[in-house]
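Some notes on the structure that comes next.
The values are calculated or read from the model by the stated rules, or taken from the named source; none is laboratory data. Remember, it's a predicted structure, so these values are computed and weren't measured experimentally. Glycine gets a Cβ as well: all are built from the backbone with ideal geometry, and neighbour counts include every protein chain shown. Note: accessible area is taken over every heavy atom of the protein model, side chains too, but ligands, DNA and RNA are not part of it. Shrake-Rupley method; radii C 1.70, N 1.55, O 1.52, S 1.80 Å.
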Amino acid sequence: MDAASLLSPDQLLAAIAGHLAAPFPLITWARELGDLHATLISAVLNPRRHPSDVTEAALHADIAKVVDKINYWAASYVRHSRCARRHTHTFGEVISHVAKTYAEAWWTVLHADCEELRHSAWVHLGEVRDGYEHLIDDIRVGRVQFPLGWRGIRHSRQDDSASGEPETDADLADQGQP
């Protein structure tokens, strides 16, 4: 896979919504991020409706893990050009941002009483979609490169260890991941 076969904006939104199925990890991860961001909205707004293990912190940790998977995938499959400008976010963060915006826009459209707010949410989703489209174009012609990513300071390293998931870039490298 190369940059020419990255998900188009419409494919990405379809993947996030669960309307695109293929044996391609980016589609699976986009859907996971869409589901996690939708669950996060619900957990923040209605914390009593969720099991005790579905917390805001746990959802953020799950989102970070999917973002990490996308970043490691992108390190191998997304074109890198040494002369290109650096993007401020990793590819995983970009996909997560699109998924978050999608979840928030749909939540707003379905639940907000204010027509202007619903319209603003939909317009913002359109802007994010267009921004992703321009970014994909820039990747394809080598005008942008992504940072490899850093998860930052974690809330609880013990939670990461207990899950069996790798904790650091070194752990991932030890497991043979890029």
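Quick look at the values:
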{"item": "Backbone N within the stretch 88-120 under 20 Å of label point (7 Å from LEU148 Cα along the Cβ vector)", "result": "88-95"}
{"item": "Semi-axis lengths, Å, the stretch 1-117, gyration tensor of Cα atoms, sqrt of 5 times eigenvalues", "result": "28, 17, 14"}
{"item": "Per residue accessible area in Å² of the stretch 17-129, where ligands, DNA and RNA are left out and the probe is 1.4 Å", "result": "59 Å²"}
{"item": "Rounded percent of accessible protein surface that carbon and sulfur make up, the stretch 89-139, 1.4 Å probe", "result": "56 percent"}
{"item": "Peptide ranges 96-105, 139-148 listed from the most packed, as the mean C-beta count within 10 angstrom indicates", "result": "96-105, 139-148"}
{"item": "Mean Cβ count within 10 Å, highest first, over the residues of peptides 14-21, 127-134, 27-34, 49-56", "result": "27-34, 14-21, 127-134, 49-56"}
{"item": "Rounded percent of accessible protein surface that carbon and sulfur make up, the stretch 9-50, 1.4 Å probe", "result": "54 percent"}
